[in-house]
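The values are calculated or read from the model by the stated rules, or taken from the named source; none is laboratory data. Just so you know, these numbers come straight off a predicted model, no measurement behind them. Glycine gets a Cβ as well: all are built from the backbone with ideal geometry, and neighbour counts include every protein chain shown.
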Amino acid sequence: MNTLKKAIDLIKESRLMLAFTGAGISVESGIPPFRGPEGIWNKYDPIVLDLSYFYAKPQKSWKAIKEIFYSFFDEAKPNPAHHKLAWLEQQHILHSIITQNIDNLHQKAGSKNVIEFHGHTRTLTCIKCKQQYPSEVVKRSKVPVCQNCGSVLKPDFIFFGEAIPEPAGSRAFDLAARADLILVIGTTGEVMPAGQIPYIVKRNGGNIIEINTEKSAFTHQLDTCFLQGKASDIMIQIASGLSNPLS
Ligand code: NAD
Ligand code: ZN
C-alpha cells in the first residue's frame with residue numbers, strides 16, 4: 001500500500017485526530033522558518049529572543065523582533081495547507097490544531113480550535129504593570145512602551161527561557177494523551193517541550209502521520225507514516241483522497 005493511501009486510511013479510522021504544526025506550514029505563505037538555509041537564524045542571532053537579553057537591551061531586541069515578526073506577518077495569507085486543515089475541522093474529521101506558530105494563519109484560514117502553544121503576535125503586555133495592548137502599537141515607535149508606567153512592552157509570544165502559556169500547555173498535553181492520530185506538519189521537533197507532543201500520542205497507542213520536505217527526528221524515532229513534500233501539495237492530496245469515496 002502506498003504511504004498516501006495508508007495516511008488516508010488512518011485518518012478515516014481515527015476517532016480523535018489532532019494536527020501539530022510548525023514553521024514549515026507557513027513557509028509557502030512567505031514566512032521563513034527559524035532553521036535551514038533560508039532560516040531566520042542565518043540572519044539574526046537567536047539571543048534577540050532571549051528573555052534576559054530582552055530585559056537588558058530592549059532596543060536591540062525590538063529592532064530584530066520588528067523585522068522578523070511584524071514586517072511580513074500582516075500581509076501573509078494562509079496557503080492551501082492551512083485551508084485544508086480548516087476544512088478537516090468543518091468536516092468534523094480534525095479535533096484541534098496545536099501550533100507552535102505565532103502568525104495567526106490557522107485562524108485566518110477559518111480554523112476555530114487552535115491551541116497556540118507558544119503564544120501569538122496579536123497583543124503585547126507591559127513587563128511591569130501587565131497592561132495589554134493591541135499589536136498596532138508596534139508601528140508607532142521604535143520601542144513600544146506602556147502608557148501607564150513607561151516600561152517596555154513584550155509581545156505575547158514566548159521567548160527562550162519562558163514558560164508555556166496556560167491554559168494552552170495543559171490543553172495540548174491533555175489532548176495529546178487522548179488522541180489516536182496526530183498529523184505533524186512542517187516541524188523539526190527540536191523545540192521543547194512542544195517536540196514531546198507526538199511522543200505522548202505514540203506512547204498512548206496513537207499513530208503519527210508526518211508531512212515535511214525533509215525527514216526529521218520524529219521520522220525514525222516514531223516510525224511515522226512519512227509523506228515527503230510541501231505541506232500544501234500533500235494536504236491537497238489528502239483532502240481529495242478523503243473526498244473521493246473510491247479511495
Ligand atoms: P523550524 O524552523 O525548526 O523547522 C521548519 C520545518 O519545516 C523543517 O523540518 C523543514 O524541513 C520543514 N519545512 C520547510 N518548508 C516546508 C514546506 N513547504 N512544507 C512542509 N515542511 C516544510 O520550525 P519549528 O519546528 O516550528 O520550530 C521553530 C520555532 O519557531 C517554533 O517554536 C515556532 O514558534 C517558531 N517560528 C514560528 C514561525 C511562524 O509563526 N510562522 C516562523 C518561524 C519560527
Ligand atoms: Zn505598564
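Assorted remarks:
- Candidates ILE40, ILE25 - the one that is more than 16 Å from ligand 2 (Cβ to nearest atom), touching a helix residue (DSSP H, G or I) at 6+ places or on another chain (Cβ under 7 Å) and within 30 Å of ALA179 (Cα to Cα): ILE25
- PHE159 satisfies every condition listed in (1) touching a Ser or Thr at 6+ places or on another chain (Cβ under 7 Å); (2) away from ligand 2 (no atom under 16 Å from the Cβ) except (1).
- Counted residues, the stretch 190-210 - those being near ligand 1 (Cβ under 9 Å from one of its atoms) and touching a residue at least 60 places away in the same chain (Cβ under 8 Å): 3
- The number of residues in the stretch 103-131 that are closer than 14 Å to GLN90 by Cβ and among the charged types (D, E, K, R) comes to 1.
- Residues in the stretch 147-172 that are within 16 Å of ligand 1 (Cβ to nearest atom) and either closer than 30 Å to LEU4 by Cα or free of Cβ contacts under 8 Å to residues at least 24 places away in the same chain (or both): ALA163, ALA172.
- From the list PRO33, PRO46, the lone residue that is more than 28 Å from HIS92 (Cβ to Cβ) and either within 6 Å of ligand 1 (Cβ to nearest atom) or hydroxyl-bearing (Ser, Thr, Tyr) (or both) is PRO33.
- Residue, modelled with the highest pLDDT, within the stretch 213-237, restricted to residues that are within 19 Å of the chain's Cα centre (by Cα) and acidic (Asp, Glu): ASP233
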